[in-house]
1. So what are the ³J(HN,Hα) numbers for region 77-90, from phi and the Karplus equation (6.51, -1.76, 1.60; θ = phi - 60°), rounded to whole Hz, Gly and Pro as x?
2. Got the relative contact order for the chain handy, in percent, Cα pairs under 8 Å and 6 or more residues apart?
3. Which angle between 0 and 90 degrees, to the nearest 10, do you get for helix 46-66 versus the longest principal axis of the chain when only C-alpha atoms count?
4. Read phi for every residue in region 17-22 and hand back ³J(HN,Hα) as whole Hz from Karplus 6.51 cos²θ - 1.76 cosθ + 1.60, θ = phi - 60°, with x for Gly and Pro.
5. Would you please give the residues with an amide H less than 5 Å from that of HIS88, counting only those at least 5 places away or on a separate chain, with H modeled from the backbone geometry?
6. Find how much the distance from ALA9 to LEU56 grows on full extension, using 0.36 nm per residue of separation minus their present alpha carbon separation; answer in nm with one decimal.
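Values in this text are rule-based calculations from the coordinates and carry no lab data. All values reported here derive from a predicted model rather than from experimental measurement.
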Amino acid sequence: MSAWDDLMAWVDAHANGDVPGDAEADLLALVQRAQADRSVDRELHAPDVARWLVGLVLGHAELRRRTPRIDADLDQADLRLIVTRWLHPARPSV
């Protein structure tokens, strides 16, 4: 699997809020790998990205808990889209 695939698998696996205490360290390694292969914007500060991803996943889980009437699959798709748009390098406008 690519670094990007591993990163998204981590997001999917922990979207329920079950985030281990060492998550930032694990994510830091994933983010750095993804930056090295240019699937994550290299201008982003990797430790901050790891910290914010933990926060985003925890926030997602809390929103799911507070609004169970919202379709869980659509929420998961939105989470993945937000992460993708945030982390991918900017594309030059044409």
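1. Listing the rounded values in order: 5, 5, 4, 5, 5, 4, 4, 4, 5, 6, 8, 5, x, 5 Hz.
2. Numbers: 74 pairs, mean separation 33.8, N = 94.
It comes to 36 percent, rounded to a whole number.
3. Roughly 20 degrees between the two axes.
4. Along region 17-22, the couplings run x, 7, 10, x, x, 9 Hz.
5. ASP41
6. Extending this stretch completely gives an extra 15.5 nm.
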